[in-house]
Amino acid sequence: MKVRARAKINLTLEVLGNRPDGYHDLRSVVMPVSLEDDIEFSVAEGISCSVKAMDGINLSHMGPSENNLAVKAARILATEGRVKANVGISIAKRIPLGGGMGGGSADAAAVLIGLNDYWELGFTRMELATIGAWVGSDVPALALGGVTLMEGRGEKVSPLFGRESDTPAKPYHLVLVNPGVFSSTPAVFKASTFNRELNGSSILDNMRSALAGGDVEDVAAALNNDLAEAAYGLYPEIARTVQALKEAGAIGVSMSGSGATVFGLVRSRAHGREVISRLGGNYWCRLAHTCPVM
Ligand code: C5P
């Protein structure tokens, strides 16, 4: 059995402040994108995991397989579902590591969704999102899927547009660019100095209406990432990549998550190809689109 694990971008990411547990309270609009890892399940003794690099992805920051979020997700799901876990997980990786696109979390979310079917457990997506919060902060949003509002440390998720039928189905074309630095999420959070209002957010309201209206210029104008300045300070290469992507003609540019991946909104695939050719081959670049519905 095969499942796909979609990466995500953060269209907005507001840091509301520190929490007593060492995490930060966030408010973020998360959207899955068409860059995917492939995950395949097979029968095994216990839980095992193997990872292979696709399309030139660098796996040098990959930890031991028992620490892989996909393994953690399988273990927790087996406990919650009261099944004996005998599964081999093979991951073909296309999502860069340390890239702010939730690669490890995407794999974990896909494992929850896939094994829920494979083991016939019958959990809903919202229940899988709740289980996913034990695995990592980005897992709930990716387990829920679609355009998601993420709050708390990441564990509170809801569809941004209420009912699925209200979700604007328009995909946006993107150029994803990774400058090749591995961004440390804890270091970036630690260096961020934001402290926003808990209630009421013009950043969120602007993004919601831009997505509802469907004009890419409005979405570009509504992009926000409170972690960007901290990440630029730690990894100046990210700031240079943002500048390069703007100069290459992307309509709106922002960093995803805690970096290092930067994305640029473009009008079409053809426009995306032009932007990539102007970037001149110095970076890892992929043309992708957002996936507003599951
Ligand atoms: O939950 P996850 O393991 O993905 O988080 C990685 C690190 O990112 C945490 O250890 C913490 O330093 C930081 N983080 C945070 N606030 C969040 C999410 C992550 O400070 N809401």
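On the protein heavy atoms, probe 1.4 angstrom, tell me the percent of accessible surface of segment 143-209 carried by carbon and sulfur.
Answer for segment 143-209: carbon and sulfur cover 51 percent of the accessible area.
Just the number: Rg to Rh for the chain, Cα atoms, Kirkwood Rh, two decimals.
Value, to two decimals: 0.95.
Residues with amide H under 5 Å of Ser48's amide H, sequence separation 5 or more or different chain, H placed in the peptide plane at 1.01 Å from N; which?
Val87, Gly88, Ile89
Which ³J(HN,Hα) values, rounded to whole Hz and listed in residue order, are derived for segment 200-206 from phi using the Karplus coefficients 6.51, -1.76 and 1.60 in 6.51 cos²θ - 1.76 cosθ + 1.60 with θ = phi - 60°, glycine and proline given as x?
Whole-Hz 3J(HN,Hα) from phi for segment 200-206: x, 9, 6, 4, 5, 4, 4.
Please report, in Å, the Rg and the Dmax of segment 165-211, where both are computed over Cα atoms only.
Here Rg and the maximum Cα pair distance are 16.0, 40 Å.
By how many degrees, 0 to 90 and rounded to 10, does the Cα axis of helix 103-118 deviate from the longest principal axis of the chain?
Roughly 40 degrees, rounded to the nearest 10.
Debye calculation, C-alpha points only, no solvent: report log10 I(q)/I(0) for segment 1-148 at q = 0.11, 0.14, 0.15, 0.21 Å⁻¹, in the same order as the q values.
Results for segment 1-148 at q = 0.11, 0.14, 0.15, 0.21 Å⁻¹ read -0.39, -0.64, -0.73, -1.35.
Taking a quarter of the surface of the convex hull around the Cα atoms of segment 211-261, what do you get in nm²?
Average of the hull's projected areas for segment 211-261 equals 3.6 nm².
Across 10 Å bins from the origin, how do the percents of Cα pairs in segment 147-233 run, short distances first?
All Cα pairs considered, the percentages come to 13, 38, 38, 12, 0.
What would the Debye equation give as log₁₀ I(q)/I(0) for segment 81-140 at q = 0.18, 0.21, 0.25, 0.30 Å⁻¹, counting only Cα atoms as equal point scatterers?
Taking Cα atoms of segment 81-140 as identical point scatterers yields -0.67, -0.87, -1.11, -1.31.
What's the whole-number percent of alpha carbon pairs in segment 188-294 lying beyond 16 angstrom?
Summing the P(r) of segment 188-294 above 16 Å gives 63 percent of all pairs.
List the residues, sorted by chain then number, that are 5 or more residues from Arg196 or on another chain and whose placed amide H is less than 5 Å from its amide H.
Answer set, sorted by chain and number: Leu16, Gly17.
Residue by residue through segment 161-167, which ³J(HN,Hα) values in whole Hz follow from phi under the Karplus form 6.51 cos²θ - 1.76 cosθ + 1.60 (θ = phi - 60°), with glycine and proline marked x?
10, x, 6, 4, 5, 7, 6
By accessible area of protein heavy atoms, probe 1.4 Å, what ranking do Phe41, Phe123 get, highest first?
So, going from the largest accessible area down, we get Phe123, Phe41.
If you average 1/r over every pair of different alpha-carbon atoms in segment 186-238 and take one over that average, what Kirkwood value in Å do you get?
Kirkwood radius, segment 186-238: 12.7 Å.
Using the Karplus equation 6.51 cos²θ - 1.76 cosθ + 1.60 (θ = phi - 60°), what ³J(HN,Hα) coupling, rounded to whole Hz, does each residue of segment 211-222 give in order, writing x for Gly and Pro?
Ordered by residue, 3J(HN,Hα) equals 5, 5, x, x, 8, 4, 5, 5, 4, 4, 5, 8 Hz.
Once the other residues with Cβ under 13 Å from the Cβ of Ala220 are scored (Lys, Arg +1; Asp, Glu -1), what is the net sum?
Net charge around Ala220: -1.
What's log10 of I(q)/I(0) for segment 1-72 at q = 0.15, 0.16 Å⁻¹, Debye sum over Cα points only, no solvent?
Results for segment 1-72 at q = 0.15, 0.16 Å⁻¹ read -0.79, -0.87.
Of Lys8/Lys84; Lys8/Lys190; Lys8/Lys93, which pairs sit farther than 26 Å apart, going by alpha carbon to alpha carbon?
Pairs exceeding the cut-off: Lys8/Lys84.
From the residues Thr124, Pro171, Leu204, which one has its Cα farthest along the dipole of the chain in the positive direction, the dipole being from +1 and -1 charges on Cβ of Lys/Arg and Asp/Glu about the Cα centre?
The Cα lying farthest towards the positive end belongs to Pro171.
Using the Kirkwood formula over every pair of different C-alpha atoms, what hydrodynamic radius in Å results for segment 88-187?
14.9 Å
Name the long-range amide H neighbours of Asn58: under 5 Å, sequence gap of 5 or more, or other chain; modelled H, no Pro or chain starts.
For Asn58, whose amide H was placed from the backbone, the distant partners under 5 Å are Leu97.
Let's see if you can work this out: charge +1 on each Lys and Arg Cβ, -1 on each Asp and Glu Cβ, no other charges. What is the dipole magnitude of segment 99-181 about its Cα centre, in debye to the nearest 20?
Value, rounded to 20: 240 debye.
The values are calculated or read from the model by the stated rules, or taken from the named source; none is laboratory data. Every value quoted in this text rests on a predicted model; they were computed, and no experiment measured them. Glycine also receives a Cβ, built like all others from the backbone with ideal geometry; neighbour counts cover every protein chain displayed. What goes into the accessible areas is simple: the full protein's heavy atoms, side chains included, and nothing from ligands, DNA or RNA. Shrake-Rupley method; radii C 1.70, N 1.55, O 1.52, S 1.80 Å.
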